[in-house]
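Enquirer: There's a structure below that I have some questions on.
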Amino acid sequence: MLDGCTPWPQDVAERYRTEGYWRGETLLDLLDESVRRVGGRTALVGPGTRLTYDELDRRSRRMAAGFRARGIRAGDRVVVQLPNTPEFVVVCFALFRLDAKPVFCLPAHRAAEVRHLCELSQAVGYVFPAELNGFDHLGLARRVRDELPALLHLFVYGEDTAGVGAVPLAEVDAEPEELPAPDPSDVAFFLLSGGTTGLPKLIPRIHEEYAYQARAASQASGLGERDVYLAVLPVEFNFTWGCPGVIGALQQGGTVVFAEEPTPDVCFALIEQEGVTITSVVPSVVQMWLDEAEWLDNDISSLRTLQIGSAKLHPEVAARVEPAFGCRLQQVFGMAEGLLTFTREGDPQETVLTTQGRAISPADEIRIVGEDDREVPVGETGELLARGPYTLRGYYRAPEHNARAFTADGFYRSGDLARLTEDGNLVIEGRIKDVIIRGGDKVPADEVERHLLTLPAVARAALVPVPDTYLGEKTCAFVVPQGTPPSLVELKEALRARGLAEYKLPDRVEYLGSLPLTGLGKVDKKRLSAIARGEDAPAAAGLLPAG
Ligand code: AMP
């Protein structure tokens with residue numbers, strides 16, 4: 001296994017194999033099998049592109065040879081940041097063929113995140129779009145390449161009109177060659193963690209466990225070979241890529257359709273045109289679809305299942321889904337680290353509307369623990385710990401963090417607060433980790449605070465969530481200023497200039513003379529949240545407004 005990764009203990013891995021969860025298959029085997037079975041069927045649909053399984057196979061083999069000819073080797077890490085297009089799948093399967101490791105990077109990420117991902121993974125290559133939503137990714141690539149001498153190979157989706165020395169993906173093409181097959185128990189690709197303490201970590205996902213995750217998720221959502229999956233959220237999200245998502249659909253021999261935007265006009269038109277049967281979205285997207293559904297006259301009757309997850313879905317919103325869209329709602333709790341729970345077909349309505357369902361694998365182990373790490377009685381809320389055949393055993397190259405993030409017996413501490421109902425369904429109640437869930441995006445407070453503290457006008461900073469009708473949560477930065485407090489616009493501009501993604505920029509800023517502390521001397525974020533919500537006044541907290 002790649003250096004810096006934590007394997008499952010040997011006896012556990014053996015058990016997962018003998019019990020049939022892990023089948024010694026790579027993600028390439030999974031595609032090869034579908035190519036053999038349904039080669040002529042449509043695999044991928046994007047704006048102006050349709051690829052059959054045979055074509056996907058041919059193109060990814062040619063691209064693998066092209067990457068090799070340009071210097072990418074087995075084991076190399078390559079950061080991949082592409083919009084929702086079939087090209088993303090072609091690039092990933094080409095890298096899998098080479099046994100190079102894609103590192104997934106969201107299209108919304110900017111120089112700070114791309115640099116961090118490249119450094120952390122010691123990437124030698126970076127695949128990016130020339131331009132997206134008006135943003136100059138060529139300029140970003142130049143900036144990152146100039147700072148990181150190890151980043152030797154740039155590949156652009158589109159044209160290198162700025163002369164940064166990037167090879168257009170269309171030219172990454174050579175006669176296919178026989179390459180050694182990757183090891184099923186080795187890393188296939190890396191996902192970015194939604195946020196933990198410190199800077200974001202990389203999650204190694206292994207061929208055979210991810211193949212299993214996709215299979216188990218397909219079974220739990222009833223995805224089969226006649227299904228058409230619509231990728232609405234960024235394809236780099238675990239939710240979109242493999243829950244069951246793109247990988248599940250390709251494994252089954254189904255079709256994946258890519259939406260460029262999550263808006264209802266774009267998505268409903270695609271559902272109608274392509275006969276989409278299943279898709280997955282976050283609650284803020286559902287809200288937008290519900291609001292606009294009555295204005296659109298597309299026939300979306302092909303839609304059978306709408307998976308909703310990644311953030312809390314309120315029961316009142318959940319109750320509107322089936323009547324509005326005429327399809328089944330499936331609640332999903334998931335994390336890029338592993339564990340997935342789904343509500344199921346046939347569950348009572350109450351379960352579907354108010355819980356996040358049950359684990360997708362019989363081998364998943366869930367523990368709900370109190371502060372003393374002991375299990376709490378059923379029905380009580382505690383921290384959710386998870387272990388199982390597709391839940392990681394360690395972040396990449398993070399031994400110190402891993403010592404805290406896992407129990408001695410290998411359970412992952414999710415940082416989520418949850419309870420189990422009498423009938424075994426999971427309900428997410430909140431979180432203890434310092435992450436703000438803004439729509440579907442995870443904003444790690446610590447990361448934003450670090451950036452704020454580098455600004456000359458900021459002496460101290462704390463980022464807290466504030467409730468928001470549409471996004472669920474927004475961010476509010478409490479800042480102790482140094483000199484004249486900057487306006488929110490100036491603060492955002494300064495963070496943008498540091499290369500921070502737009503979704504991480506504070507939605508609101510409040511200035512204080514000092515930050516309230518807990519008895520243990522840590523910043524009292526509960527109190528700050530209450531001040532942000534208007535439920536506590538700075539003066540009552542003994543704080544002076546700045547200035
Ligand atoms: P990510 O790894 O980016 O998918 O983020 C995983 C985190 O998203 C989880 O640890 C939860 O904090 C949150 N999350 C995922 N699904 C749900 C859900 N259905 N309800 C509430 N929070 C969720």
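Enquirer: Semi-axes, largest first, in whole Å: what does sqrt of 5 times each Cα gyration tensor eigenvalue give for the chain?
Expert: Numbers: eigenvalues 248, 166, 120 Å².
Equivalent-ellipsoid dimensions as semi-axes: 35, 29, 24 Å.
Enquirer: Separate question: Along each of its three principal axes, how wide is the spread of alpha-carbon positions in the range 304-353, in whole angstrom units, largest first?
Expert: Here the Cα extents, ordered largest to smallest, are 33, 20, 19 Å.
Enquirer: Something else: For the pair ARG404 and ALA69, how long in nm is the line joining their label points, each one 7 Å along Cα→Cβ?
Expert: Each label point is offset 7 Å from its Cα along the Cβ direction, giving 4.9 nm.
Enquirer: How much accessible surface does VAL448 have with a 1.4 Å probe, in Å² rounded to 10?
Expert: Accessible surface of VAL448 is approximately 0 Å².
Enquirer: Between their Cα atoms, which of LYS442/LYS474; LYS201/LYS433; LYS433/LYS492 are more than 20 Å away from each other?
Expert: Details: LYS442/LYS474 11 Å; LYS201/LYS433 14 Å; LYS433/LYS492 24 Å.
From the list (LYS442/LYS474; LYS201/LYS433; LYS433/LYS492), the Cα-Cα distance tops 20 Å for LYS433/LYS492.
Enquirer: So what are the three principal axis dimensions of the range 96-245 from its Cα atoms, in whole Å, longest to shortest?
Expert: Result, largest extent first: 47, 44, 29 Å.
Enquirer: What are the residues whose amide H is under 5 Å from the amide H of ILE436, where those residues sit 5 or more places off or on another chain and H is modelled from the backbone?
Expert: The answer is VAL443, ALA445.
Enquirer: Would you kindly state how much longer the chain becomes between VAL369 and LEU152 on full extension, computed as 0.36 nm times their sequence separation minus their alpha carbon distance, in nm to one decimal? Please report the intermediate quantities before stating the final value.
Expert: Details: separation 217, 0.36 × 217 = 78.12 nm, distance 4.62 nm.
Here the answer is 73.5 nm.
Enquirer: Moving to a separate point now. Between the range 489-505 and the range 7-67, how many Å separate their Cα centres?
Expert: 39 Å
Enquirer: Where q = 0.13, 0.15, 0.16 Å⁻¹, what log10 of I(q)/I(0) comes from the Debye formula for the range 439-532, counting one point per Cα?
Expert: Debye output, listed in q order: -0.41, -0.54, -0.62.
Enquirer: Report, in cubic angstrom per residue, the convex hull volume of the C-alpha atoms of the range 369-437.
Expert: Values: hull volume 8.0 nm³, N = 69.
Measuring per residue, one finds 116 Å³ for the Cα hull of the range 369-437.
Enquirer: Let me ask you something else. When the accessible area of the range 118-221 is computed with all protein chains present and a 1.4 Å probe, what percentage of it is carbon and sulfur?
Expert: Details: 2090 of 4040 Å².
With neighbouring chains kept in place, the figure for the range 118-221 is 52 percent.
Enquirer: Calculate, in whole percent, how much of the Cα-Cα pair population of the range 182-333 lies beyond 25 Å. Can you show the working numbers first?
Expert: Working: 3366 of 11476 pairs.
In whole percent, the share of Cα-Cα pairs in the range 182-333 beyond 25 Å is 29.
Enquirer: Another question, then. Using helices alone, what [θ] at 222 nm do you get for the chain, with -39,500 (n - 2.57) per DSSP H run of 4 or more residues, divided over all residues and rounded to the nearest 500?
Expert: -9500 deg cm²/dmol
Enquirer: Hey, can you rank 273-285, 526-538 by average C-beta count inside 10 Å, highest first?
Expert: Details: 273-285: 22.2, 526-538: 16.6.
Descending mean neighbour count gives 273-285, 526-538.
Enquirer: Given N residues in the range 328-385, what is Rg(Cα) / (2.2 N^0.38 Å)? Display every interim value, and only then the final one.
Expert: Values: Rg = 12.6 Å, N = 58, 2.2 N^0.38 = 10.3 Å.
Here the answer is 1.23, to two decimals.
Enquirer: Right, here's the next one. Where does the range 27-182 land on the Kirkwood hydrodynamic radius, alpha-carbon pairs, in angstrom?
Expert: It is 15.8 Å.
Enquirer: Hey, another quick one. If the range 1-107 were replaced by its equivalent ellipsoid, with semi-axes equal to the square roots of 5 times the Cα gyration tensor eigenvalues, what would those be, largest first, whole Å?
Expert: Values: eigenvalues 141, 77, 34 Å².
Taking √(5λ) for each eigenvalue gives 27, 20, 13 Å, largest first.
The values are calculated or read from the model by the stated rules, or taken from the named source; none is laboratory data. The structure presented is a predicted model; accordingly, all values stated were derived computationally and were not measured. Every residue, glycine as well, gets a Cβ built from its backbone with ideal geometry; the counts of neighbours run over all protein chains shown. Side chains included, ligands, DNA and RNA excluded: accessible areas come from the protein's heavy atoms. Shrake-Rupley method; radii C 1.70, N 1.55, O 1.52, S 1.80 Å.
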